[in-house]
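The block underneath contains the structure these notes are about, expressed in structure tokens.
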Amino acid sequence: MQNYADWDRYEGRGYDRSPARADWQVYDEGVHLASLVEPLGFDSIWTVEHHFTPYTMVPNSLQFLTYMAGRTERVDFGTMVVVLPWHDPIRVAEEIAMLDILAGGRRLTLGFGRGAGRVEFEGFRTPMGESRDRFLESLEIVRAALSNQEFSFDGTFHQIPPMSIRPQPRSADLASRMYCAWGSPETIPIAANAGLGALFIPQKGWEEIGQEVVTYNDLRTQRGLAAQQPIVVCWVYCSPDPDEAWETARQYMTNYNDSALRHYEFHDAEHFTKVGGYDFYAKMAGARQRVGEEKVVELFARNQVWGTPEQCIEKLRTIRATTDAAEFVGVFTYGDLPLELAERSMRLFAEEVLPALHADEAVAAATDCRRRDHDGCGPPYRPVRVGAAGRSALVARSGPAVRPRRPASCRPAWPRSTPWRSRRAPRWPARRPRPCSASCGSATSSRSARCRRRRAAAHSATGRSSWPGRR
């Protein structure tokens with residue numbers, strides 16, 4: 001939800017003049033695009049959080065997602081991000097619990113961040129230099145509130161007596177769905193040590209991000225945690241004309257970049273240095289001044305996903321191979337990109353790019369299945385979302401919103417993880433159910449001999465299947 005056209009009036013404090021576009025008009029267009037996510041077959045709806053400037057006008061990401069949960073039936077939801085230092089962590093936990101309940105069992109991915117906009121820290125009367133410590137303390141509180149019937153906390157910024165939040169969330173695994181967005185390398189050990197997943201909103205080249213993923217997973221391994229594939233965010237413009245695609249992407253991604261420059265005050269590198277803890281942003285601001293803003297903006301645009309459907313497919317495959325990404329979040333509206341162009345791009349992407357990504361995933365899943373030893377019960381195959389996200393807050397998913405639970409004692413031997421999974425990739429059960437080997441007439445789709453033996457024993461004891469087919 002960017003009102004790029006209002007920046008000059010905002011910076012000049014020309015509030016005696018009417019804006020070229022009212023904020024409610026920007027919201028109407030953003031909600032219209034968000035409403036296309038589900039019918040176009042994407043996987044989930046995401047949103048950002050920013051305050052006080054025309055940059056991105058979503059002050060409460062969880063409120064926006066709760067509204068969209070009421071307008072949809074299938075898609076999942078994600079935040080990129082909730083900025084914890086700006087909020088009471090108890091209130092954040094309550095809003096997460098409410099959204100989790102009202103989403104009706106659909107998956108909620110929680111992206112958290114510490115913020116980097118001076119104007120936002122000043123507006124919330126929170127010292128920017130305390131952002132890292134406040135982030136870690138608030139994260140601990142939110143985790144405790146969502147994971148325990150009763151908890152307490154005694155920290156530097158928050159002292160909480162024994163209490164519980166009500167209503168309790170529907171999902172018991174919300175703490176395992178938490179991600180951290182970062183731009184600076186200094187955040188990598190923080191995210192790894194806190195057990196958070198990686199959410200990349202690109203501020204550098206994909207090769208550099210790929211190396212950060214390696215560093216991040218090395219740190220997780222040292223702590224005894226499994227390696228984890230990141231979620232990556234890209235700006236997208238899809239068009240049948242490659243020349244028009246580049247000209248449009250360059251123009252409106254330039255506008256977006258200019259909006260970020262103004263919001264984060266990259267023209268003033270000194271304030272990042274003075275506050276402490278933002279060394280990467282200070283270096284980035286200095287680099288912008290040295291090489292020139294025009295070159296920086298063009299590099300940003302060329303790093304994104306734009307072009308014909310075929311070009312977009314190849315760029316996404318390259319990003320997947322470079323970063324080992326498990327999920328793609330596409331930003332389809334930015335700057336002052338006209339609604340009709342954003343919608344046309346989104347529809348063309350859904351029509352021609354998504355099927356290719358889904359086909360890639362189906363091949364990868366089938367290949368991994370053939371390579372695995374199926375004589376045993378392994379973890380279920382979990383396809384990952386391919387999304388369409390706008391700076392207004394969108395991402396989408398194809399496929400059923402809620403997958404049936406499988407008994408822990410008898411799971412199909414799908415691969416533990418597959419890069420770039422898609423909701424249209426083969427999901428459990430992968431094929432039509434076959435008669436059970438116990439000749440009891442029940443249906444099963446597992447190819448595991450061990451699973452069949454276990455089910456046969458269960459059938460003879462109970463007279464029914466221990467692993468029902470999809471209802």
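FYI, it's all coordinate maths here, none of it is from the lab. What you see is a predicted model, and the numbers here were worked out from it, not measured in a lab. Virtual Cβ from ideal backbone geometry, glycine too; neighbours counted across all protein chains shown.
What list of ³J(HN,Hα) couplings, whole Hz, do you get for the range 163-173 from phi and the Karplus terms 6.51, -1.76, 1.60, once you set θ to phi - 60° and write x for glycine and proline?
7, 9, 9, 9, x, 5, x, 5, 8, 8, 10
Given the alpha-carbon gyration tensor of the range 262-330, what are the semi-axes of its equivalent ellipsoid in whole angstrom, ordered largest first, with each equal to the square root of 5 times an eigenvalue?
Each semi-axis is the square root of five times an eigenvalue, giving 31, 15, 9 Å.
From the C-alpha coordinates alone, can you work out the Kirkwood hydrodynamic radius of the range 90-233, in Å?
16.5
Beyond 17 Å, what share of the Cα-Cα pairs of the range 7-104 is found? Please give it as a whole percent.
For the range 7-104, the fraction of Cα-Cα distances above 17 Å is 58 percent.
Can you work out ³J(HN,Hα) from phi for every residue in the range 116-130, in order, using Karplus 6.51 cos²θ - 1.76 cosθ + 1.60 and θ = phi - 60°, giving whole Hz and x for Gly and Pro?
8, x, 4, 4, 6, 4, 5, x, 8, 6, 10, x, 5, x, 9
Through the Karplus equation 6.51 cos²θ - 1.76 cosθ + 1.60, θ set to phi - 60°, convert the phi angles of the range 84-96 into ³J(HN,Hα) values in whole Hz; use x for Gly and Pro.
4, x, 8, 10, 6, x, 5, 5, 4, 4, 5, 5, 5
Out of all Cα-Cα pairs in the range 111-190, roughly what percent, to the nearest whole number, are more than 20 Å apart?
43
Measure of size requested: the Rg and Dmax of the range 182-241, with Cα atoms as the atom set and Å as the unit; please supply both.
Considering the range 182-241 through its Cα atoms, Rg and Dmax are 13.3, 49 Å.
How about the range 1-101: which chymotrypsin sites (Phe, Trp or Tyr not before Pro) there lie in a loop by DSSP and see at most 12 other Cβ atoms within 10 Å?
15
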